[in-house]
Amino acid sequence: MKALVFEKYAENDDFEKILQIKDIPEPEPKPTEVVFRVKAASLNYDDIWAMRGKPIEVPMPHISGTDAAGEVIAIGDDVKNIKVGDRIVSHGNLSCRTCQLCTSGREFDCKKRLVWGFQTGPLWGGYCEVSHLPEVNAVKIPDNVSYDDAAAASMTMMTSWHMLVGRAKIQPGQTVLVMGGSSGMGIFGIQIAKLFGCDVIATASKEKLDKCIELGADYAVDHRKEDWHKEVRSISKDISQKKDKPPSLDVIYEHIGGTHWNKELTLLKYGATIVTTGATTGYNVKTDLRHIFFKGINILGSTQGTRAELETAFYWMSQGKIKAVIDSTFKLEDAVKAHKKMLSGKGLFGKILMKP
């Protein structure tokens, strides 16, 4: 079968030197595994980290691809709930399922956790014609959700749901600031907050503000402006006056980091929450502690989510309340172009897919 493979790391992000299309054997299912023909897989930033070998090294030779959707073509002898012909999408969090963290609902914190398609291998990910997963990591796709939409949603929709619902526990009527509203994470953050009846302010670059509004955001602000936070504060005051509630923000949905951090803290009201995952513009931030202890702010870390959260989010997608946004689709042979587009972010709105 055809697979996108690399056997060494890319210096200076020269992906063209390492990415190759190779012919490798199709996998055979282990007793608790399913084998599926990949119909679509979506890019994630862990693809970039894998090719760089930073922040961690990955097994070689390597196949990336954490979010893959396809049709089951074979099952292991001990598989109970999935059959040949089922449409499935990957739940990329491989955990032991038996430790105290897993059995208490924190499978994303399992000490043996691996991110499928990033830390797995050799030659085990979604960028190929046929791949395999443990049954517990194969989630059935609702009938009215396409392979493309399922692949585009899997990791980012689950992570967004966990951040807002599982961690921040958003409530109807709250005012939520979604940072980076045009990103894969932001697109789902906007929709989930609106699903829960929140007032949503999204940030994005100037050319993407209208698209955030189209997704459901009530307001959109250009976070590249030096004083973007002042505009957000003004909007939050207007919302408060109209709805006769305390001013400022209830929840900030954060995955940008970098220089925005302290400005975000100034916007939160007393007892409010900022929930953060990732740090695409930098992780080494300075924090003015006065914003935290004077106002009793809750700072919540979040990463990935549970299979149950993914299935819940897919239910709402099947009801038309959440939708995937796909920017573009590439063949595996055009992987260099696809990854460069993701890395630059120029003109990007939504997820990038690759297909065998």
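Identify the residue in segment 227-259 that is polar (S, T, N, Q) and part of a helix (DSSP H, G or I) and, among all such residues, is surrounded by the most Cβ atoms within 10 Å (Cβ to Cβ). The extreme case among them is 236. Among the residues making up segment 86-115, those that are among the small types (Gly, Ala, Ser) and crowded, with 18+ Cβ neighbours inside 10 Å are 90, 92, 95.
Here residue 130 qualifies as hydrophobic (A, V, I, L, M, F, W, C), at pLDDT 95 or above and surrounded by fewer than 24 Cβ atoms within 10 Å (Cβ to Cβ).
Checked against (1) assigned to a loop (DSSP other than H, G, I, E, B); (2) over 23 Å from residue 162 (Cα atoms), residue 221 meets all criteria but (1). All of 349, 330, 294 fail the test of being of a type in the set (A, V, I, L, M, F, W, C) and under 22 Å from residue 117 (Cβ atoms), apart from 330.
Got at least one residue in segment 73-93 being farther than 22 Å from residue 353 by Cβ and within 21 Å of the chain's Cα centre (by Cα)? No, every residue in segment 73-93 fails to be farther than 22 Å from residue 353 by Cβ and within 21 Å of the chain's Cα centre (by Cα). Kindly indicate which of 82, 21, 48 is assigned to a helix (DSSP H, G or I), in contact with an Asp or Glu (Cβ under 8 Å, 6 or more places away or on another chain) and touching a residue at least 12 places away in the same chain (Cβ under 8 Å). Selected residue: 48, the only one of 82, 21, 48 that is assigned to a helix (DSSP H, G or I), in contact with an Asp or Glu (Cβ under 8 Å, 6 or more places away or on another chain) and touching a residue at least 12 places away in the same chain (Cβ under 8 Å).
Do we find that residue 118 is within 15 Å of the chain's Cα centre (by Cα), part of a loop (DSSP other than H, G, I, E, B) and either outside the structural domain of residue 200 (by TED's automatic domain parsing) or at pLDDT 95 or above (or both) in this structure? Taking the combined requirement at face value, the residue satisfies it.
Of all residues in segment 86-111, those satisfying the criterion of being assigned to a loop (DSSP other than H, G, I, E, B) and either of a type in the set (S, T, N, Q) or farther than 23 Å from residue 324 by Cβ (or both) are 95, 96, 97, 98, 99, 104, 105, 106, 110, 111. Tallying residues that are farther than 24 Å from residue 140 by Cβ and either among the hydrophobic types (A, V, I, L, M, F, W, C) or free of Cβ contacts under 8 Å to residues at least 12 places away in the same chain (or both) within segment 58-79 yields 2.
Reported count of residues in segment 262-312, each being more than 12 Å from residue 162 (Cα to Cα), hydrophobic (A, V, I, L, M, F, W, C) and at pLDDT 85 or above, is 11. Evaluated against (1) part of a loop (DSSP other than H, G, I, E, B); (2) within 26 Å of residue 22 (Cα to Cα), residue 171 falls short on exactly one condition, (2).
Residue count for segment 144-170, restricted to those that are out of contact with any helix residue (DSSP H, G or I) (no Cβ under 6 Å at 6 or more places or on another chain) and either surrounded by 24 or more Cβ atoms within 10 Å (Cβ to Cβ) or not assigned by TED's automatic domain parsing to the domain that holds residue 197 (or both): 12.
The values are calculated or read from the model by the stated rules, or taken from the named source; none is laboratory data. Computed from a predicted model, the values in this text were never measured in an experiment. A quick note on method: Cβ atoms are made from the backbone with ideal geometry, for glycine too, and the neighbour counts reach across all protein chains shown.
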